[in-house]
Structures are given as C-alpha cells and as structure tokens.
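Below is one structure; the comments refer to it alone.
No value in this document is a laboratory result; all are computed from the given coordinates. Remember, it's a predicted structure, so these values are computed and weren't measured experimentally. Neighbour counts are summed over all protein chains in view; Cβ atoms, including those assigned to glycine, are modelled from backbone coordinates with ideal geometry.
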Amino acid sequence: MAGTRRRTGRADTGRSDARRSDTGRSDARRSDARRADGGRGRSARRTAARREGAAWVGELRALWTLPVWAAAAAASALTLGLVARLWIAGAPYGAVDPSVAALTSLPAALRAAAWQSATLLGLLLTAVVVATGPGQSLESGTWSALRLFENRVGVLWARKTAAVLTLGFAAQLATGLLLWLGTSALARLWPVRPPTPRPGFGGAAPALPPDPLPVESATWGQALGALAAALLVQFLYVSLAGCAAALLRSVVGTLALGAGPLLVTAPLVMLPVAPYLPHRWIAELLGLPSEAQYQLYLWNQAPPDASPLTAGLALAAAAVLAAVAARAALRSERALRPVD
C-alpha cells in the first residue's frame, strides 16, 4: 500500500509539473504573440504616417502652379513697392514714417508681412490658391478620381487645407525676409537725413523742426503672435473659398465668391453693424494701427476699444463653421458629377 501511495504521489507530481510547464509555454506563446502584434501595430502606424505625409506633400506640390507663383510674386512685389515708395520719398527730408523705418528690424518686418497676409492681399492670394487647387479639381472632374483612392472627404479636405495654410505661412516668411532685406538696402542707398533747421525771421534763432516719432519696432513675441493670428485669418479665407469651390465647381466662380463677399461688405465697417463683421474682428485680432494703414496693410484699422480675445474666438468659430460647410458640400453627390 505504501509503495502504491508513493507511486501515485510521484505520478501526481509529474502531472502537476507537466501542467506548469504547459502553462509556462502557453504564457510565453501569448507574450510572443502580443509582442508580435505590437510590432505589427507600430509598423502599421509608421506606414500610415508615411503615407499621410506623402499625400500631404503631393497636395503641396500640386498647388505650386504658375498662377499661384505669379500671385505670390505680385503680392510680395506690391508690399515692397509700397514701402520703397514711402522710404524714397521721405528719406531726403528726414520724414520716413516710423512704421516704415521699423522694418529694418526682422521682427517688425515679419509682423508687417503677417498684416499683409491677413488682409486684402492675403485674401486675394488665398482665393487664387484655392481656385487653382480644389476649384480646378472639381471643375475638371479629378475630385471624383481622388474619392476612389480616399473616400474620407474630411481627410481630403484637411490635407488640402493644411497644404494651403503651409503655402500661406511660407509666403508670410518670404515676404517678411524680403521686407527686411529691402528696407536694409534702402537704408544704405537712401539714408534718412537729419532734418535741417529752418531760418528764423528778423534775426531770431533758427526754428528747429519737431523731433521725429520713435521707431515703432516689434518684439519677437509680437511677430510670432501676428504670424499665428494671420494663419487663423487665412483658415477662414480657405474655408470660405472652399465653400465657393464646392458649390460652384468653377475656377472663376471660386475666385469671385471666395473673395467677393468680404470685398463687397467692406464699406459696412462704417455703420453700427461693424462689431458683427469679420472685417472688424480681423482688425482687432491683428491690432492694425491707424498710422500704418495703406502703408503696411490694405484694410480697415482697429478701433480704440479693440478686444483681441473676443475677435479671435469669433473668427475661429466662423472659420470652423465654414470648414464644416465646405466638407458637407464636398461630400454631396453633386461634387462628383461632371460640370455641365
């Protein structure tokens, strides 16, 4: 009996060791499977990120067309031309406007470029970019071909919006550098002469002209804030032009409806409805000064009681609503039909 019990005990111990060994091997297999799944998941995420980056780069390259190059060059040339005219006209008399003289500082030049990009010139440039991008694809029928490869309209629209905003930001930086280099060259070629005293009457002492106003320089924080605010304004412009492109499916229609409403309603800023207009919100958010109007920007000036935070929230809400409307219009079957 004792021998039987010992043999039974040894058998039970062997079976228990076998079960523990099987359990250990099963845990190891599950751990290896989890590691393999995690590796495959990370690899899939990296592959998806690379594909998304390649798609975004493709959208950005598609925007570099001749009309976009010409519009961007014309906007930068006009910006520099306005500044050069004021500098050359006032430098011999010591009467260069402080807002213009400050452009020899890089932060001030970048802030001025952001002002231009968020006002009339930026509005027109954005309309041209959206018209030759999404507008052209809708008119030519390539939008339906894109939907075959990517059926998520929100992803397609987000890529195009990101590409347009990237292009706009690059245009801001290029214009700012151009203003800085241009005004630095103007300061060497046409230095600002100190004003000469005017002769007095009757032997009186010569009358000295009043001291010039201090140069309105900008800090790097102000320059970066202006660049970020300009991107928000351009997001609104892109969303409005996207709505026009989705509704009209025409390049000319996108140009007209993308920029036309803001241009037509611009005189309303003189009426009591001005606080409810995006023109006023843009001026308040950017803090457009009155002394730089028609010199560093072509827009209405900011009021004395400006509220940048309220204006920024209003612009963000309007831009999001316009972007949602553009996405809904692009999802409709009308956007897939050929243009009659």
Place the peptides 231-243, 316-328 in order of packing, highest mean first, counting for every residue the other Cβ atoms within 10 Å and averaging per peptide.
231-243, 316-328
Full-stretch length increase - Leu78, Ala274 - with 0.36 nm per residue and alpha-carbon distance subtracted
67.8 nm
With DSSP loop assignment and no more than 15 other C-beta atoms within 10 Å, the chymotrypsin sites (Phe, Trp or Tyr not before Pro) in segment 46-139 are Trp64
